[in-house]
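To start, the structure itself, in structure tokens.
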Amino acid sequence: MKTIARYWNKPNHAAYLFLLPSFLILLLFIVVPLIGTFGISFTNLNIFFTNKDFVGLENFTRIFGDERAMNSLLHTLYFTLLETPTQIVVGLLAAVTLTKNTRFNKFFRSTFYIPVICSLTSIAIIFSMILDPNVGAIPYLFSQIGLPIPQFFRDPVLAMPTVAIMTVWKNFGVTMTILLTAIQGISPSLYESAEIDGATKQQQFFNITLPQIVPSLGFCILTNLIGSLQVFDQVYVATGGGPQFKTETAVQYIYSRGFTAPYELGYASALSSVLFIIIAAIAISTNLFMSYKEKQMK
């Protein structure tokens, strides 16, 4: 017993005990379901577990012939290209603008962060009401000033950009907070030296602020990319994938295949596996690129 106690009393050994709960949670709720998904993707299993036949790569080959599946992947990428850069830019601008700890800035920081703690489902419902062409406040304002009323969530062209803007409004407070913390951690002496040398605010931003916050910026870009590629809630509530499936995303299509008739859990698992590979490839590539940029800045 003394030998065991002596072993766990060492800091580097005791650390494993503190990591154990998190490790078990990751194992039970991430690793095991992931392995199970890959396994089910090679069968024609349905949600009632009545079919368990092994079909090999049939589900995967079917994806490339499924026009709706391919379109949902393209819509997801389109949403990601709209939402992620916009959120990073808006969050960065807000962080730079509200850097100083004045009462005015503190008030607006809190205000911008409020949507983050709200349910995405409730926000999607509110936006659906505000932008409704019949009863919404925004379309009413358009009509009052003589402009044509936009069909925000009903127009195949406007629907996805509208969902992206709604998502940015909801989430940019997180990006702002992370980048704000990074900016406030920069040594003031760097800015003082730059001012003495006659550097403008713009030059200070691009030559001091931006290089110093590359690690935090990389983290924000990576997490936003992963979140955007898994978009579901807001689309499901606001548009249901319409109009004409123009806002149907990969996760929503996976849900429709697996949990609505004909309940093709095997095919939905294959779609999930493909999406996982795409997200992993993009995340790893982004992480390597940002690590390279971080090394360049040093």
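Values quoted throughout were computed directly from the atomic coordinates according to the rules given, and no laboratory measurement underlies them. Source: prediction; values computed, not measured. Methodologically, a virtual Cβ is constructed for each residue, glycine included, from the backbone with ideal geometry; neighbour enumeration extends over all protein chains shown.
If one computes P(r) from the Cα atoms of the range 133-266, what percent of pairs lie at distances over 26 Å?
50
Order by neighbour count: 53, 132, fewest other Cβ atoms within 10 Å first, most last.
Lowest count first: 53, 132.
Got a sec? Charge dipole of the chain, +1 on Cβ for Lys and Arg, -1 for Asp and Glu; which of 140, 198, 88 is way out at the positive end?
The listed residue farthest towards the positive side: 198.
Once the Cα atoms of the range 26-117 are picked out, what are the Rg and Dmax in Å?
Values for the range 26-117 (Cα only, Rg and Dmax): 22.4, 65 Å.
Can you put 209, 37, 50 in order of Cβ neighbours within 10 angstrom, beginning with the fewest?
The order, fewest Cβ neighbours first, is 50, 37, 209.
How are the C-alpha pair distances of the range 126-201 spread across 5 Å bins, as whole percents from the shortest bin up?
Answer for the range 126-201: a P(r) of 3, 13, 14, 13, 10, 8, 8, 8, 8, 10, 5, 0 percent.
Can you sort 247, 84 from fewest to most other Cβ atoms within 10 Å of each residue's own Cβ?
84, 247
Roughly how many debye, to the nearest 20, is the charge dipole of the chain about its Cα centre, given +1 on each Lys and Arg Cβ, -1 on each Asp and Glu Cβ, and no other charges? Can you show the working numbers first?
Values: 18 positive and 14 negative charges, 203 e Å.
It comes to approximately 980 debye.
In the Gaussian network model of the chain, springs joining C-alpha atoms below 10 Å, which of 248, 58, 83 carries the largest mean-square fluctuation?
In this elastic network of the chain, the residue with the biggest mean-square fluctuation among 248, 58, 83 is 58.
Which far-off residues, 5 or more places away or on another chain, put their amide H under 5 Å from the one on residue 43, with H placed in the peptide plane?
55
Spin-label point model (7 Å from Cα, Cβ direction): what's the residue 102 to residue 288 distance in nm?
4.6
Add +1 for every Lys or Arg and -1 for every Asp or Glu among the other residues with Cβ under 12 Å from the Cβ of residue 166, and state the total.
Local net charge: -1.
Starting from the Kirkwood radius over alpha-carbon pairs of the range 72-141, derive D by Stokes-Einstein at 10 °C in a medium of 1.306 mPa s and give it in µm² s⁻¹.
Diffusion coefficient, whole number: 107 µm²/s.
Which log10 I(q)/I(0) values, to two decimals, does the range 45-91 give at q = 0.16, 0.21, 0.34 Å⁻¹ under the Debye formula with one point per Cα?
Scattering profile of the range 45-91, log10 relative to I(0): -0.66, -0.80, -1.06.
In debye, nearest 20: dipole of the range 77-183 around its Cα centre with unit charges on the Cβ of K, R (+) and D, E (-)?
Its charge dipole is roughly 480 debye.
Need one number: the % of Cα-Cα pairs in the range 60-297 sitting beyond the 26 Å mark.
Details: 14041 of 28203 pairs.
Counting every Cα pair in the range 60-297, those more than 26 Å apart make up 50 percent.
With θ set to phi - 60° and the Karplus curve 6.51 cos²θ - 1.76 cosθ + 1.60, what are the ³J(HN,Hα) couplings of the range 41-57 in order, to the nearest whole Hz, using x for Gly and Pro?
3J(HN,Hα) across the range 41-57, in whole Hz: 5, 9, 10, 9, 4, 10, 5, 8, 6, 8, 10, 9, 6, 7, 10, x, 8.
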